[in-house]
Amino acid sequence: MATCPECDAEIEVDEFDVDKGDLISCPECGSNLEVTGTSPVELDLADEDDEEEADDREDDDLDDDDEVDDLDEDEETETEDWDE
């Protein structure tokens, strides 16, 4: 069991299911929490910057997929040129 630092609710977190740095949400107050220790599980309020960085990484992953699609189109064009 861990305790939410915002509302003092007890949160059931299995220490084997989380790693230090993981982000979880308090089911009682909805606060975003960061795992700061795993044995025993310790939680602290997550920085707003951490959440934005996670969102940015997700956006970057989407952008990378778009670039791969563009490369595939270029490769098809080059293949057509070789056939001529």
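At 7 Å along Cα-to-Cβ for each site, give me the label-to-label distance between Asp14 and Asp44 in nm. Result for the modelled spin labels: 2.7 nm. Counting neighbouring beta carbons within 10 Å and listing from fewest to most, the residues Val18, Val35 come out as Val18, Val35.
Only the coordinates and a few stated rules stand behind these numbers; no lab work does. Note that this is a predicted model, so its numbers are computed, not measured. Heads up, the Cβs are rebuilt from the backbone with ideal geometry, glycines too, and the neighbour counts pull from every protein chain shown.
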